[in-house]
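Down below is the structure, laid out as structure tokens.
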Amino acid sequence: MGPSIRIFKNIDELSQFFTKKLASLVKETPGGSYFSMALSGGSTPRQVFDYMALHSGDQIDWHKMLVFWGDERCVEPESEESNFRMAKERLLDFIPIPAINIFRIKGESDPYVEAERYSEIVRRHVLSQNNIPRFDLMMLGLGEDGHTASIFPDNPGLFKSDRLFEVSENPYTKQQRITATGKIINQARHIVFLVTGQSKAEMVARIIERKEGWDKLPAGMVFSASGEQTWWLDDRAASGLMKT
Ligand code: 6PG
């Protein structure tokens with residue numbers, strides 16, 4: 001099933017829809033089990049978190065939620081670069097989620113040791129299907145270069161790794177990252193790309209409309225094995241798509 005696309009007038013509308021969708025998915029979670037969500041970094045998720053901090057309130061039963069990350073920069077959790085810090089300051093500090101339900105990637109640790117440790121943590125806390133942990137929701141952003149999570153176009157092989165999490169490097173800043181691989185990304189029940197802004201329009205169109213080289217880009221390799229894959233875009237990020 002190809003990805004579905006939903007276009008919103010602005011980030012507020014997108015955030016409202018995301019919050020409502022998440023609330024209904026969590027509500028469907030059978031009693032006694034958890035809903036596992038892997039967060040992304042980036043400017044669009046940051047704005048969605050801001051909205052949720054103000055509006056998710058009692059819409060979402062946060063006690064049923066387990067929060068993970070799809071990637072993290074190899075920095076201290078207090079660093080401004082940290083995806084954990086961004087989520088904590090924009091969302092987690094404002095919702096009643098138990099601290100034991102939050103599983104941060106330890107960016108301060110040795111990257112290779114942490115990639116292994118975090119893979120084990122996810123194996124332990126996320127239900128598997130065909131022996132691969134299956135996040136209920138995998139949140140992804142999109143870089144202008146077609147990267148997603150922290151898999152960059154200069155190292156697309158990471159996407160096909162047999163591991164769940166790998167060490168990567170931002171080719172522009174040389175900053176090391178820990179990233180989910182395609183093995184666990186494509187396994188997720190709901191894969192959601194959250195993309196806004198004119199700067200992403202060309203890449204959004206290249207991937208969604210399968211233009212030249214799309215399938216060589218990490219974001220182009222995302223393909224839900226058996227779940228739902230959706231692109232939630234604002235008008236500007238969608239402006240490069242052919243008008244249907
Ligand atoms: C990160 C994200 C990364 C991000 C894209 C888009 O750690 O930065 O996981 O994949 O989603 O780079 O980021 P922007 O929305 O800020 O351009």
Square roots of five times the Cα gyration tensor eigenvalues for the chain, Å: 24, 22, 18
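Tell me, rounded to the nearest percent, the portion of alpha carbon pairs in the stretch 66-157 spaced more than 15 Å apart. Numbers along the way, then the final one.
Working: 2801 of 4186 pairs.
Distances greater than 15 Å cover 67 percent of the Cα pairs.
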Added length on full extension, which subtracts the Cα-Cα distance from 0.36 nm per residue, Lys211 to Thr29: 61.8 nm
For the stretch 1-46, diffusion coefficient by Stokes-Einstein and Kirkwood Rh (Cα), 20 °C, 1.002 mPa s, µm²/s: 168 µm²/s
Cross-link table Lys27/Lys64; Lys9/Lys243; Lys27/Lys183, entries beyond 20 Å C-alpha to C-alpha: Lys27/Lys183
Column: log10 I(q)/I(0), Debye, Cα scatterers of the stretch 113-244, q = 0.14, 0.22 Å⁻¹: -0.62, -1.34
More than 18 Å apart - percent of Cα-Cα pairs taken over the stretch 1-136: 59 percent
For the stretch 109-153, radius of gyration divided by Kirkwood radius, i.e. Rg to Rh on alpha-carbons: 1.05
Mean Cβ neighbour count within 10 Å, used as a protection proxy, ranking 33-41, 175-183, 211-219 highest first: 175-183, 33-41, 211-219
Separation between Cα centres of the stretch 120-173 and the stretch 190-235, rounded to whole Å: 15 Å
Cβ charges +1 (Lys, Arg) and -1 (Asp, Glu), total dipole of the stretch 7-101, debye: 360 debye
Mean Cα-pair separation over length for the chain, i.e. relative contact order, pairs under 8 Å, 6 or more apart, %: 22 percent
Long-range tail of P(r) for the stretch 166-230 (Cα pairs > 21 Å, %): 35 percent
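Given charges of +1 on the Cβ of Lys and Arg and -1 on the Cβ of Asp and Glu, with all other atoms neutral, how large is the dipole of the chain about its Cα centre, in debye to the nearest 20?
Working: 30 positive and 33 negative charges, 136 e Å.
In total the dipole reaches around 660 debye.
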Debye-sum result for the stretch 12-71 in log10 I(q)/I(0), which assumes one identical scatterer on each alpha carbon, at q = 0.15, 0.21 Å⁻¹: -0.44, -0.86
Around Ala149: net Lys/Arg minus Asp/Glu count, Cβ-Cβ under 11 Å: -2
5 angstrom amide H check on Phe35, placed H, neighbours 5+ away: Met65, Leu66
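All of the numbers you see were taken from the coordinates with simple rules; none came from a lab. Just so it is clear, the structure is predicted and the values come from calculations on it, not from any experiment. When we count neighbours, we look across all protein chains shown, and the Cβ atoms used for this are built from the backbone with ideal geometry, even at glycine.
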